[in-house]
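Working notes, beginning with the structure itself.
Read-outs throughout are calculated quantities, based only on the coordinates presented, and are distinct from any laboratory measurement. Since we're looking at a predicted model, the values are computed, not measured. Cβ: placed from backbone, ideal geometry, glycine included. Neighbour counts: every protein chain shown.
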Amino acid sequence: MSDNVLVMDHPLIQHKISLLRDKNTGPKEFRELISEVTMLMCYESLRDLPLKEVEIETPIAVAKTKILEERHLAFIPILRAGLGMVEGVVNMVPTARVGHIGLYRDPKTLQPVEYYCKLPFDISKGDAIILDPMLATGGSAIDAINSVKKHNPRSVKFMCIIASKQGIEALTKAHPDVKIYCAVKDARLNEHSYIVPGLGDAGDRIFGTK
Ligand code: PRP
Ligand code: URA
């Protein structure tokens, strides 16, 4: 597996993934779990955020300590299912900006169809992290990254919850510079290109549309 992929298999994440996979988990709990897993994933996916040294007065003495450098960071969910991950990341980085890319996978051709794109105006000065719980064939992620790259961000990362082996291979081939953060890797896709065992249709489960 490429160095570009980091699987975050912390026990807390694995436990929550099992609950997400369970077909009996309803939309309320499903949304909460997506948010919690995303929050936990921030720990590693934001490890390289730059810090600057500051002096802070504690009740006892002056401490030389570190805070986050002001840096333009944009989270970009792929609609719809990526929306479920926004709360988790903005809880961790409340100053981040949020862009949106609307894409759906045509059920017949399996090709991504883009219907919306609104990115932060200063994205060229910052780092972009694209969010989507599912990386199946990789088509949607590749297309979203193509759109974001047109605006010349300093760097691009892709954060998902379940990634298929095929999706990782396709995305790594198309965008070798993009680091992929996932919580779990599943081995295969079914005849409709759904991840097996996966968790079903993430958008439908988040929004209760099926
Ligand atoms: C899902 C998912 C990804 C895409 C993954 O979205 O959220 O965006 O499929 O599949 P791929 O890797 O094969 O492209 P979907 O097209 O179902 O749209 P939705 O989020 O609006 O339901
Ligand atoms: N999109 C989903 O929501 N789930 C899959 O398994 C594949 C694509």
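Figures for the structure shown
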| item | result |
| --- | --- |
| Beta bridges by DSSP in the range 5-207, antiparallel share as percent, to the nearest 5 | 40 percent |
| Angle in degrees between helix 139-149 and the longest Cα principal axis of the chain, rounded to the nearest 10 | 40 degrees |
| Gap separating the Cα centres of the range 182-202 and the range 57-123, nearest whole Å | 24 Å |
| Separation between Cα centres of the range 21-39 and the range 126-180, rounded to whole Å | 22 Å |
| Neighbour cut-off at most 16 other Cβ (10 Å), DSSP loop, trypsin sites (Lys or Arg not before Pro), the range 70-134 | ARG71, LYS108 |
| Tilt relative to the chain, helix 11-21 - C-alpha long axis, 0 to 90 degrees, to 10 | 30 degrees |
| Loop GluC sites (Glu not before Pro), the range 54-158 (other Cβ atoms within 10 Å of the site Cβ: 13 or fewer; DSSP) | GLU69, GLU70 |
| For the range 37-100, the Rg and Dmax computed from alpha carbons only, in angstrom | 15.0, 49 |
| Degrees between helix 165-174 axis and first principal axis of the chain (Cα, 0 to 90, nearest 10) | 60 degrees |
| Potential lengthening between LYS52 and ARG154 on full extension [0.36 nm per residue; Cα-Cα distance subtracted] | 34.8 nm |
| Two-site label geometry, ASN24 and VAL196: point separation in nm, points 7 Å out along Cα→Cβ | 2.5 nm |
| Per principal axis, descending, Cα span of the range 97-154 in whole Å | 38, 19, 17 |
| Under 20 Å from LYS150, Cα to Cα: aspartates and glutamates that are on another chain or at least 8 residues apart | GLU114, ASP122, ASP127, ASP132, ASP177 |
| Of LYS23/LYS210; LYS28/LYS210; LYS108/LYS179; LYS66/LYS157; LYS125/LYS149; LYS125/LYS157, pairs whose Cα-Cα distance is over 20 Å | LYS108/LYS179; LYS66/LYS157 |
| At q = 0.10, 0.12 Å⁻¹, base-10 log of I(q)/I(0) for the chain (Debye sum, equal scatterers on each alpha carbon) | -0.43, -0.60 |
| Listed residues PRO59, HIS100, ILE13: farthest to the positive end of the dipole of the range 5-207 (Cβ charges) | HIS100 |
| Mean separation of Cα contacts under 8 Å (6+ apart) over length of the chain, as relative contact order % | 23 percent |
